[in-house]
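Contents: one structure, followed by commentary.
The values are calculated or read from the model by the stated rules, or taken from the named source; none is laboratory data. Every value quoted in this text rests on a predicted model; they were computed, and no experiment measured them. Note: ideal-geometry Cβ built from the backbone for every residue, glycine included; neighbour counts use all protein chains shown. All accessible areas refer to the heavy atoms of the entire protein, side chains included, with ligands and DNA or RNA removed. Shrake-Rupley method; radii C 1.70, N 1.55, O 1.52, S 1.80 Å.
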Amino acid sequence: MRVLVVSAPGVGHVFPIVPLTWALRAAGHDVLVATASAGLVVADAGLPVVDVLPGYDMRQQFEQIRGQHPHFAEMGARRVRDLKEVGEFLPFLTRPLVPGVLAAAERFRPDVIVEGSMSGAGLIAAARLGVPRIGHGFGFVRPAGMTEMFREHMAAEFEQHGVGLPERLAHVDIAPPSMIAGEPEGWSMRYVPYNGGGVEPDWLGEVPDRPRVAVTLGTVAPTMNGLGPVERIIAAAPDVDAEFVLALGEKVDLDSLGPLPSNVRAAGWIPLNSLLASSSLLIHHGGAGTAMTPLTMGVPQLVAPSGADRYINADAVQDRGIGLQVEESELDARVINQLLDEDKFRTTAAEVAAEVAAMPSPAEVAARVIDFVRG
């Protein structure tokens, strides 16, 4: 069977789909990932990838959108609790991919399209080819109404290609059931972190003599929103008896932060799951993959969300009791010490980790995908 995997052009969008794609390939099926820009890094996962929009830069696209549509500029700071509140914005990210995704689908002739739920180009391709489309969950965003939203706000593209929504639709839900309102939507699947590969530094394997606090802002937030949260964490670090590890990637210029306190280490790029194996707390921006990874490892979270879907993920973390949600201005020693000192966060995080471990594996869901396609 041939499976086309479609993703929005971002690291945080394509990484969560890797485990299911691996499972499908390991089961003997042909897979091809269709994405662009930063999403092409998924090739490092050993997967065949096609660049459906060469030269595309998502950051430039955001700036262009903000210039042409000023009312979208508020999204960066808006406290969005349901992405349908900003539904008209999302097609701007996926619309440029439509021609390339259609071309890739025509060449590859897939039997099914698996697509991240934040992208809609695969909906048009699946309808055009008459094959099923399976949405893949993205953090705690609920999929109900998402396909209809793309159909509404990309009406011109659907009409241009003479299609409606695909006749056969399904969805993979990676959110732990105890962290959502109501029942899972579609097929529940265990979240298996894929955070890229890398050679672990020697110090990472050493048992720290005090709690280790991991800090990350993902791949988009630092360039779009700056390093304000990190500056506040650095200022708080001397008043916290812990080692702080700044895992901000190789493209972030840390020189502007000045000299770091003795208990703060700048680590560049480290796969998040590797870092969390020896961490007692993760401080982050609320990105979907960033919020999901510590769930599998029983690590509490401190979330300072900064727009997009991040308030949705931060709400889920706080409501379940595995961490706290704060404004950037509230990132201080008091709240960090609270999360390190109070056992209730660790206890609840461990409960959720056990829940995640009991969910169906990507291999089990891959088999379900194939059964669904075969009818």
- Scan VAL172, VAL240 and give me the residue that is open to solvent by less than 30 Å² (accessible area, probe 1.4 Å), touching a residue at least 24 places away in the same chain (Cβ under 8 Å) and within 30 Å of PHE372 (Cα to Cα). VAL172
- Need at least 2 residues that are over 21 Å from ALA27 (Cα atoms), of a type outside the set (Asp, Glu) and in contact (Cβ under 8 Å) with a residue 60 or more places away in the chain per element, so show me which helices (runs of 4 or more DSSP H) inside the stretch 319-375 make the cut, counting only ones lying wholly within it. 333-341, 343-357
- Task: Out of the residues in the stretch 271-289 that are more than 23 Å from PHE138 (Cβ to Cβ) and part of a loop (DSSP other than H, G, I, E, B), state the one that is most open to solvent (accessible area, probe 1.4 Å).
- Result: ALA277
- Counting only residues in the stretch 175-190 that are modelled with pLDDT of 95 or more and buried (at least 17 other Cβ atoms within 10 Å of the Cβ), the one farthest from the chain's Cα centre (by Cα) is identified as TRP187
- Just checking, how many residues over the stretch 96-151 are assigned to a helix (DSSP H, G or I), out of contact with any strand residue (DSSP E or B) (no Cβ under 8 Å at 6 or more places or on another chain) and closer than 30 Å to VAL317 by Cα? 3
- Message: Among the listed residues ALA304, ALA350, identify the single one that is in contact with an Asp or Glu (Cβ under 6 Å, 6 or more places away or on another chain) and among the hydrophobic types (A, V, I, L, M, F, W, C).
- Response: ALA304
- Message: Which residue is farthest from LEU272 (Cα to Cα), if the candidates are limited to the stretch 1-48 and must be part of a strand (DSSP E or B) and more than 16 Å from the chain's Cα centre (by Cα)?
- Response: ARG2
- Quick one: how many residues across the stretch 123-154 are of a type in the set (D, E, K, R) and open to solvent by less than 30 Å² (accessible area, probe 1.4 Å)? 1
- Task: Of all residues in the stretch 294-318, count the ones that are part of a helix (DSSP H, G or I), under 21 Å from LEU227 (Cβ atoms) and not basic (Lys, Arg).
- Result: 3
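Conditions tested, residue by residue: (1) closer than 18 Å to THR216 by Cβ; (2) touching a strand residue (DSSP E or B) at 6+ places or on another chain (Cβ under 8 Å); (3) open to solvent by 20 Å² or more (accessible area, probe 1.4 Å).
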| site | (1), (2), (3) |
| --- | --- |
| GLY307 | yes, no, no |
| ALA314 | yes, yes, no |
| ALA357 | no, no, yes |
| ALA366 | no, no, no |
| PHE372 | no, yes, yes |
- Please name all residue pairs, on different chains or six or more residues apart, with Cβ atoms under 8 Å, provided the first residue is in the stretch 299-314 and is in contact (Cβ under 8 Å) with a residue 40 or more places away in the chain and among the hydroxyl-bearing types (Ser, Thr, Tyr) and the second residue is surrounded by fewer than 24 Cβ atoms within 10 Å (Cβ to Cβ) and assigned to a loop (DSSP other than H, G, I, E, B). SER306/ALA77; TYR311/ARG79; TYR311/VAL80; TYR311/ARG81
- Query: Which ones in the stretch 278-303 are of a type in the set (A, V, I, L, M) and modelled with pLDDT of 95 or more?
  - Reply: LEU281, LEU282, ILE283, ALA291, MET292, LEU295, MET297, VAL299, LEU302, VAL303
- When residues of the stretch 64-79 are filtered for being at pLDDT 65 or above and within 21 Å of the chain's Cα centre (by Cα), how many remain? 1
